[in-house]
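Structure first, then comments.
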Amino acid sequence: MLKVRKITNESADKQQVIDLYEEAFPPVERMPFDLMLEINRQENADLCSVYDDDEFIAFYLLITHNRVAYVSFLAVVPAKRGQNYGSQILDYIRNSYPGYSLLIDEEPVVEDSDNYEQRLARERFYLRNGFRSTGYIVTAYGVDYEILSTSDSFELDDYKNIFASIGFSFPNPNVRYSIR
């Protein structure tokens, strides 16, 4: 049975979350962890650790706004990957926010990328879990991300408004529509 706990600066499992965050995401894709904690203080954000009974297995950062829930980060500990925990966490989020469409972004699946197989596996995971490509690629801090959604009626403004709701803005976003 999954248990979810909101992380604070005082949480006993904060270091486990930081260690997993640093293992799962390359430096160019990370924000400072203190910034994640700051975002977490906002009413529409949840930085959470996930447990199977009493065993730490994952964390995620979720930001909601106007019936859209953006999964900003989601990582499962290496020893537990491939054991359906990611799907269970996405189901937990869906059940916690009924009527919300979920957004997530991923590195686009590009054949000549260094981590092509990892990107392909990640995309297959998201597709199995009800996500589909929106066709939009956003570039943030020099890294391309493809926006995926569980909704058939994705609006780019929904994506931008998620960030605006926590005080981030895209003054001149590099967003393009790309059909593979």
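The numbers here are math on the coordinates, done by the rules we state, and not lab data. All of these numbers come straight from a predicted model, not from anything done at the bench. All Cβ positions, glycine included, derive from the backbone under ideal geometry; neighbour counts span all protein chains shown.
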| query | Long-range amide H contacts for ALA140: which residues qualify at under 5 Å (H placed 1.01 Å from N, peptide plane, sequence gap of 5 or more or a different chain)? | reply | TYR145
| field | Nearest-0.05 FRET efficiency for TYR97 and ASP157, computed from C-beta distance (R0 25 Å) | value | 0.85
| request: Taking the Cβ of GLY86 as the centre, find all other residues whose Cβ is under 11 Å away and add up their charges (Lys, Arg: +1; Asp, Glu: -1). | output: +3
| query | So what are the ³J(HN,Hα) numbers for the stretch 71-87, from phi and the Karplus equation (6.51, -1.76, 1.60; θ = phi - 60°), rounded to whole Hz, Gly and Pro as x? | reply | 8, 6, 9, 8, 9, 10, 4, x, 5, 10, 5, x, 10, 6, 5, x, 5
| Computed FRET efficiency, Cβ-Cβ of ASP112 and ASN66, R0 45 Å: what is it to the nearest 0.05? | 0.75
| said: Ignoring everything except DSSP H segments at least 4 long, calculate the 222 nm mean residue ellipticity for the chain; use -39,500 (n - 2.57) per segment, divide by total residues, nearest 500. | reply: -9000 deg cm²/dmol
| remark: In whole Hz, the Karplus estimates of ³J(HN,Hα) for the stretch 109-124 (6.51, -1.76, 1.60; θ = phi - 60°; x where Gly or Pro) are 7, 10, 4, 8, 6, 4, 10, 3, 4, 5, 4, 5, 4, 5, 5, 4
| query | Which whole-angstrom value gives the distance between the alpha carbon centres of the stretch 68-113 and the stretch 39-56? | reply | 14
| said: Taking R0 as 25 Å, what FRET efficiency do you get between ARG132 and GLN16 from their Cβ-Cβ distance, rounded to the nearest 0.05? | reply: 0.15
| Using a basic spin-label model with each label point 7 Å from the Cα along Cα→Cβ, how many nm lie between PHE25 and ALA121? | 2.0
| query | Across the stretch 29-39, in residue order, what do the Karplus-derived ³J(HN,Hα) couplings come to in whole Hz, using 6.51 cos²θ - 1.76 cosθ + 1.60 with θ = phi - 60° and x for Gly and Pro? | reply | 9, 9, 9, x, 4, 4, 5, 4, 5, 5, 4
| field | Residue among TYR100, GLY86, THR64 farthest towards the positive dipole end of the chain, charges placed on Cβ | value | TYR100
| task | Once you have all Cα-Cα distances for the stretch 1-83, histogram them in 10 Å bins from zero and send the whole-percent values. | result | 17, 53, 27, 2
| field | Residues with amide H under 5 Å from that of GLU107, placed H, sequence gap 5 or more | value | GLU146
| task | For LEU62, enumerate residues with amide H under 5 Å from its amide H, sequence gap 5+ or separate chain, H modeled in the peptide plane. | result | ASP46, LEU47, CYS48, SER72
| task | Report the far tail of the P(r) of the stretch 16-157, meaning the percent of Cα-Cα pairs longer than 21 Å. | result | 43
